[in-house]
1. Condition (residue is touching a residue at least 40 places away in the same chain (Cβ under 8 Å), farther than 26 Å from L54 by Cβ and either surrounded by fewer than 16 Cβ atoms within 10 Å (Cβ to Cβ) or of a type in the set (K, R) (or both)) applied to segment 397-408: is it met by at least one residue?
2. State whether one or more residues within segment 280-287 are open to solvent by 70 Å² or more (accessible area, probe 1.4 Å), in contact with a strand residue (DSSP E or B) (Cβ under 6 Å, 6 or more places away or on another chain) and free of Cβ contacts under 8 Å to residues at least 60 places away in the same chain.
3. Would you confirm whether any residue within segment 28-37 is in a helix (DSSP H, G or I) and of a type in the set (A, V, I, L, M, F, W, C)?
4. Looking only at residues that are at pLDDT 90 or above and open to solvent by less than 50 Å² (accessible area, probe 1.4 Å) in segment 36-64, which one is farthest from V242 (Cα to Cα)?
5. Scan segment 63-73 and give yes if some residue there is under 30 Å from I392 (Cβ atoms) and β-branched (V, I, T), otherwise no.
6. When residues of segment 122-158 are filtered for being surrounded by 18 or more Cβ atoms within 10 Å (Cβ to Cβ) and at pLDDT 80 or above, how many remain?
7. With (1) hydroxyl-bearing (S, T, Y); (2) surrounded by fewer than 18 Cβ atoms within 10 Å (Cβ to Cβ); (3) within 30 Å of I333 (Cα to Cα) as the list, and S70 as the residue in question, which single condition is left unmet?
8. Considering (1) surrounded by fewer than 13 Cβ atoms within 10 Å (Cβ to Cβ); (2) outside any helix (DSSP H, G or I); (3) modelled with pLDDT of 85 or more, say which one L378 fails and leave the rest.
Amino acid sequence: MVELLLCSLVTVLPDYLFRRYVQGKRLGYEINFFSVWYELRWGISTCAILTISLITMIFYYHPSATSVRSYFRTVTILSETPGRVTEVLVSNNEVVEEGAPIFRLDDTEMLAAVAAAEGQVAEVRAGMDVARTELASATGAVTQARASLRQADEELARNLALQERGSSAVSLREVERLENLVDVRQGVVDAAVANEASVQARIDTLLPAQLTTAEARLAQAQKQLDRLTVVAGVTGRIEQFVLRPGDVVNPFMRPAGILVPVEAGRMGFQAGFDQINAQIIKPGMIVEMGCVSKPFTVVPMIITEVQDVIASGQFRPSDQLLDTARTPPPGAITVYLEPLYSGQTADIPPGSSCIANAYTSNHDRLAEDPDMPLGKWLFLHAVDTVGIVHAILLRSQMLTLPVKQLVFSGH
């Protein structure tokens, strides 16, 4: 309507003024309901062509999107293992901090497993203390065996010396007995050293390995026990939480509730523009946005990113060939928006339904090229100028939004 009124001021109105004051034709006489088309045919035809061209220029170079939302992802409150609830620590609509416990499952079996693992760790550590005592005893036995061996060696050496000097105080039988005694005590020393090495190996290798295994089992049992206490992964508000003690929670079939992060959807918005505007939409473009949840307000935004694919063209491999005749309707260009000034969208609830207008600006092109041809210069100025029409339309929509939603929506 605005475009039609503007175009009629430079087409229909001059044509009428020419007919009225130059040709002398009067409204209601020569120009009436039945002859208005014939009398004003040039102005009406020019107005229709100019209006269509203006609307095309406005919607192409200053595209609009009626599907704008601040999408956000919720976190499902689930336990890692199924179980029966024994304690509920929060209530619905409560804000919880990251890491705060939400509810606990029955931990009787896991407490027993932890106690058993702790007992095994204590048993291995006690075995290490006993092994250290055994090592001290084995070391003492080695010392005692070596002393006995040394004594037998000395007696054998003394008797051999006497025998070499031809003393009759030493008999051959006594020498043989001492040699056998030395061999026996050497065996005792070897056995004592082997026993000491065995105990040392237990202390250095076997018992530490057993302790590591026992501690790993304890850590695993403790982790399984900790999993029975479900905590908040992020700071947020708990919604749809009706869990009660005695309920059975299953991570595959029955979640406990939903956690909405406090920062979810507070900054970015996603808009869907028509595919025909794919060559116009660029990062850095200024956008004006109005939301149903915040009427009478137009928020300046900026395009930060343009998705380089269109969602309607995706497919998932299956056992059937893709039939292009059954493809979904043409999708939209997904654009990511952020507020031009911080805090302007803080009071807009995530998930709000909004509309947006993007504006093409040729100011830099005009400033950088002073030798631009006159026709192109006029066209770029016209493109920038007609953007005000779209801005007026957006503001009129935001002004009439409450009346449209509350009175004429039919709800």
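The values are calculated or read from the model by the stated rules, or taken from the named source; none is laboratory data. Because the structure is a prediction, the values reported are computed rather than measured. For neighbour counting, all protein chains shown are included, and Cβ atoms are generated from backbone atoms with ideal geometry for every residue, glycine included. Note: accessible area is taken over every heavy atom of the protein model, side chains too, but ligands, DNA and RNA are not part of it. Shrake-Rupley method; radii C 1.70, N 1.55, O 1.52, S 1.80 Å.
1. Initially, segment 397-408 is screened for residues touching a residue at least 40 places away in the same chain (Cβ under 8 Å), giving 397-399, 401-402, 405.
Filter once more, so that each one left must be farther than 26 Å from L54 by Cβ: 402, 405.
Among the residues that remain, those that are also either surrounded by fewer than 16 Cβ atoms within 10 Å (Cβ to Cβ) or of a type in the set (K, R) (or both) are: 402, 405.
For segment 397-408, residues touching a residue at least 40 places away in the same chain (Cβ under 8 Å), farther than 26 Å from L54 by Cβ and either surrounded by fewer than 16 Cβ atoms within 10 Å (Cβ to Cβ) or of a type in the set (K, R) (or both): present.
2. Yes, some residue in segment 280-287 is open to solvent by 70 Å² or more (accessible area, probe 1.4 Å), in contact with a strand residue (DSSP E or B) (Cβ under 6 Å, 6 or more places away or on another chain) and free of Cβ contacts under 8 Å to residues at least 60 places away in the same chain.
3. Kept after step one, since they are in a helix (DSSP H, G or I), are these residues of segment 28-37: 36-37.
Among the residues that remain, those that are also of a type in the set (A, V, I, L, M, F, W, C) are: 36-37.
There is at least one residue in segment 28-37 that is in a helix (DSSP H, G or I) and of a type in the set (A, V, I, L, M, F, W, C).
4. Per the criteria, the residue is H62.
5. Taking segment 63-73 first, the residues under 30 Å from I392 (Cβ atoms) are 63-71.
Add one more test, that the residue is β-branched (V, I, T), and what stays is 66, 68.
So far as segment 63-73 goes, yes, one or more of its residues are under 30 Å from I392 (Cβ atoms) and β-branched (V, I, T).
6. Of the residues in segment 122-158, 1 are surrounded by 18 or more Cβ atoms within 10 Å (Cβ to Cβ) and at pLDDT 80 or above.
7. Failed condition: (2).
8. Answer for L378: the failing condition is (2).
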